[in-house]
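The values are calculated or read from the model by the stated rules, or taken from the named source; none is laboratory data. Nothing here was measured: the structure is a model prediction, and the numbers come from that model. Here the Cβ positions follow ideal geometry from the backbone for every residue, glycine too, while neighbour counts run over all protein chains shown.
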Amino acid sequence: MSTSSLTGDDIFVSLEPPPLEEDPSHARSFRNLSQIIPQIALERGSFINITEDSLRKELEARPSPHVESPPDETPTKLKQSATNLAQFEEDFNNARADLNRLISAAQNEAAISLDFVSLLISSVRPAAGTTSMSPHLKSHVPVGSLGADRIKSLPYVEDMSVCLGWKTQAVSAASERLAKAAERLAEEAVLEKNYWEQVEKIAVSGEVLSKMRMPDYRGMGVRYGFADAGSTYKEKGIATLRRNVEGKLVVKTEGEKRTKVLSVAIMRPLHGDYVITGQYALKINIETRDGKSEIKQARDLLFEDELFFEIARETRILGSQGVTLDFGNKVMIPLPALRIVIETIDLEDQESSMELDSGPDRVIAEAINVALHLLLSKLHRKNLKAGRSIPLPLGTRTNTPDIGKSEILEPLVSSLAVPPIKDSLMTLIMDLTSALKEK
Amino acid sequence: MSTITPNPIQQSQQRIITINQRINEAANTIVSDYTSIVALAPVAGKDRTTTATETYEIEFHATSIVRAIEDLLMVSRSLKESWILGQVASSFQMNDERA
């Protein structure tokens, strides 16, 4: 028998190896404290009445444990029991520490509850409360600051009329909203139908439509320019087909609407000064009833614009022939017998130029005007062909780029200027030959 | 390669699928929102807070129905665009060819 130094109690340790843990009589190992405590509480009611003395008395009352050792006690069994003892000691220490911890926690909780209750009491009976309050609480919370009372709770009855009112309001508002939306959308559907009918009319007449995907507009667009015909003008030639508020189709071109038309005027010298003897400009209908006519007008005006642009550009090339550009918008072509003035006039001024319709050179002016238009179309076709042809291999040395050929003015000028020169040359040669023949 | 240069048949099939999806979605939205409104209508056994919340829920569902219908309008518009651009086989195109 050995005495351990764990507690003041004597612990009886037998030299027999302690039984295995499956032995039900030693189910109370110290390893699962959380099971032991409820068991003990169940057996004895609570820990309140347990003291050291009562436990000791209980132990003494119990029959003493079996201390006979078997005759042949081997050293190995002793060693086994020693290791088991160490294990046992360790378990016991752990259990004791756990118990201490739990007990102090319980004490803490009890102290807090005491403080709470004493604070409540101190509002009614200050003397009784302050004595049981802890000094920490007394310093932080004034005495009597927490009170409690009993109230009689009334059964809460909700007023249904308010709820009914709100609900009816909500539902009627919803129905009104739907009705209004239905009206609006029905109108919208009719407007859309009209719009698409107009678009169909335009499409049937052979225009090229496309779906526009611009940042601010997504809808139908129409190409009214001449890019497909070979024009290389800077203008894009695409117009958007929008629907205005009344549901009418509006053709909107990029930038401002064009209004200028090309006019060709013939001037002959009269009494030393030049006088307009004939003028011709394309008559374009200002009134546009529907999309088709608007597109046609846009197209025609674009053509006129491009034509004048080309002519103005070519005046530079033909500078050596005497062609000049005055004020940036009047092209003067001086010929031996007459002077051709090409300029752009506004559509609204068409009426004012009517009086010149009867001039004697009107036919010439008209012919020149028409010829210029045809020459521009010829230029378009040439560009188209050049675009379609196989390009030269890379690295081919090109001639130094010149300012380009004059496609429109040059044929005109040459065809008008050459015959007189030819005539004068012929007469000169005829004179010479006749003079030489005479010899 | 067919993804880079979409052929018209695939394109139109894709369009059909998309349009059908949109129509179905819109129709379902309309029906479910209307059902929600009707479900939210009764007032029995609810307190003020719940009723107030439900007021706004009803408004929300009504707006959602209107939006679904506008979506259907957009579907019809895109159909018309495809029709006009000749991506839909129709008598309109055949008239054009005859002309």
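Only one residue in A:53, A:98, A:91 is on the phi < 0 side of the Ramachandran plot, at pLDDT 80 or above and loosely packed, with under 10 Cβ neighbours inside 10 Å. Which one? Walk me through how you get there before you give the answer.
Working: A:98 fails: loosely packed, with under 10 Cβ neighbours inside 10 Å; A:91 fails: loosely packed, with under 10 Cβ neighbours inside 10 Å.
None of the others qualify; the one that does is A:53.
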> What is the residue count in segment A:179-200 for residues that are more than 9 Å from chain B (Cβ to nearest Cβ), hydrophobic (A, V, I, L, M, F, W, C) and surrounded by 14 or more Cβ atoms within 10 Å (Cβ to Cβ)?
Replying inline: 1
> Could you list, in sequence order, the residues of segment A:201-239 that are crowded, with 19+ Cβ neighbours inside 10 Å and assigned to a strand (DSSP E or B)?
Replying inline: A:220, A:221, A:222, A:239
>> Quick check on my filter: what residues within segment A:382-416 are out of contact with any helix residue (DSSP H, G or I) (no Cβ under 7 Å at 6 or more places or on another chain) and in a helix (DSSP H, G or I)?
In response: A:382, A:383, A:385, A:386, A:387, A:388, A:414, A:415, A:416
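Pick from segment B:36-49 the residues that are under 12 Å from residue A:162 (Cβ atoms) and in a helix (DSSP H, G or I): which of them is farthest from the other protein chains (Cβ to nearest Cβ)? Show your work before the answer.
Our first condition is that a residue be under 12 Å from residue A:162 (Cβ atoms); within segment B:36-49, this holds for B:43, B:46-49.
Then keep just the ones that are in a helix (DSSP H, G or I); that gives B:48-49.
On the way: B:48: 6, B:49: 10 Å.
In this case the residue turns out to be B:49.
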> Among A:174, A:203, which is facing another protein chain (nearest Cβ under 7 Å), in contact with a Leu (Cβ under 6 Å, 6 or more places away or on another chain) and not charged (D, E, K, R)?
Replying inline: A:203
> Listed residues A:289, A:243; which is modelled with pLDDT of 80 or more and of a type in the set (D, E, K, R)?
Replying inline: A:243
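Taking residue A:263, is it under 39 Å from the mean Cα position of the chain (by Cα) and assigned by TED's automatic domain parsing to the domain that holds residue A:369?
On the way: under 39 Å from the mean Cα position of the chain (by Cα): no; assigned by TED's automatic domain parsing to the domain that holds residue A:369: yes.
No.
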> Which one is farthest from the other protein chains (Cβ to nearest Cβ), of the residues in segment A:215-233 that are farther than 30 Å from residue A:313 by Cα and in contact (Cβ under 8 Å) with a residue 12 or more places away in the chain?
Replying inline: A:217
>> Checking the structure you have, find out if any residue of segment A:419-439 is touching a residue at least 40 places away in the same chain (Cβ under 8 Å) and surrounded by 15 or more Cβ atoms within 10 Å (Cβ to Cβ).
In response: no
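Within segment A:407-436, track down each residue that is over 21 Å from residue A:364 (Cβ atoms) and at pLDDT below 85.
Residues of segment A:407-436 that are over 21 Å from residue A:364 (Cβ atoms), as a first pass: A:407, A:425-436.
A:407, the sole residue that qualifies.
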> Is there a residue being surrounded by fewer than 11 Cβ atoms within 10 Å (Cβ to Cβ), assigned to a helix (DSSP H, G or I), more than 14 Å from chain B (Cβ to nearest Cβ) and not small (Gly, Ala, Ser) anywhere in segment A:109-116?
Replying inline: yes
> residue A:358 is checked against (1) among the polar types (S, T, N, Q); (2) at pLDDT 85 or above; (3) more than 57 Å from the chain's Cα centre (by Cα) and fails just one. What number does that condition carry?
Replying inline: (2)
> Out of all the residues in segment A:276-292, is one or more under 20 Å from residue A:346 (Cβ atoms), outside the structural domain of residue A:210 (by TED's automatic domain parsing), part of a helix (DSSP H, G or I) and within 38 Å of the chain's Cα centre (by Cα)?
Replying inline: no
> Of B:75, B:88, which residue is more than 9 Å from chain A (Cβ to nearest Cβ) and modelled with pLDDT under 85?
Replying inline: B:88
>> So for segment A:226-235 (the condition being farther than 21 Å from residue A:379 by Cα and of a type in the set (Lys, Arg)), does at least one residue qualify?
In response: no
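Just to be sure before I move on: is residue A:381 within 27 Å of residue A:319 (Cα to Cα), within 48 Å of the chain's Cα centre (by Cα) and of a type outside the set (Ser, Thr, Tyr) in the structure I sent?
On the way: within 27 Å of residue A:319 (Cα to Cα): yes; within 48 Å of the chain's Cα centre (by Cα): yes; of a type outside the set (Ser, Thr, Tyr): yes.
So residue A:381 passes the test.
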